[in-house]
Amino acid sequence: MFQKITLLAFVLLVVSCQKKESVEKDKIKIADWLIGNWENKSPEGILTENWTKLNDSTINASSYFIKGKDTLHFETIVLAQKGETLTYFATVKGQNDDQAVAFPSTTESDKQLVFENPKHDYPQKITYTKGANNTLTAEATGNLQGKLTTERFIMEKK
């Protein structure tokens, strides 16, 4: 009888661990709607974000803003799941010694992702919202030179 109980406990432990691992890997899947090439054209220039799935726990992106022939802004983004935490890592060329800044997620759904880092100078909050007709709204919000500022870009999938 003791052997049967021990075997049952072991089987339950293995099954519960497998389920947790599956749930952990599934969390990044909620962000799959980001994958693709996105673009915003305005009189100020063209913002492009290209998102690709690297593996079952990481999505990479490059984001750049071009005006004419000049690249005014370039950053790489890594959206990674470690354990049960989804984190947005932004590396902006020429800022923060070219080191990534982490923004852990605070909201995750099949229509919106929100990442926040209240200790970062600007932005403190990054939001991606899935819109209708293959659109995506990216927002950077925070305190910039003493004022609450939001930069909003509505992008279309290419």
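The values are calculated or read from the model by the stated rules, or taken from the named source; none is laboratory data. Treat the numbers as computed from the prediction; the structure is a model and nothing was measured. Here the Cβ positions follow ideal geometry from the backbone for every residue, glycine too, while neighbour counts run over all protein chains shown.
For every residue, the table says whether it meets (1) assigned to a loop (DSSP other than H, G, I, E, B); (2) touching a residue at least 60 places away in the same chain (Cβ under 8 Å); (3) among the charged types (D, E, K, R).
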site	(1), (2), (3)
Tyr128	no, yes, no
Asn133	yes, no, no
Glu139	no, no, yes
Asn143	no, no, no
Leu148	no, no, no
Phe153	no, yes, no
- Which of the following residues is polar (S, T, N, Q) and farther than 23 Å from Asn133 by Cα: Thr48, Thr52, Thr58? Thr58
- Message: Within region 110-123, does at least one residue satisfy the condition of being in a strand (DSSP E or B), closer than 21 Å to Trp33 by Cβ, among the β-branched types (Val, Ile, Thr) and within 16 Å of the chain's Cα centre (by Cα)?
- Response: yes
- Candidate set from region 77-102 (those that are at pLDDT 95 or above and part of a loop (DSSP other than H, G, I, E, B)); member that is surrounded by the fewest Cβ atoms within 10 Å (Cβ to Cβ): Gln99
- Message: Please go through region 103-158 and give me each residue that is exposed (fewer than 12 other Cβ atoms within 10 Å of the Cβ) and of a type in the set (Asp, Glu), ordered by number.
- Response: Asp110
- Message: I need a count of the residues in region 80-126 that are closer than 17 Å to Glu49 by Cβ and in contact with a Leu (Cβ under 7 Å, 6 or more places away or on another chain).
- Response: 1
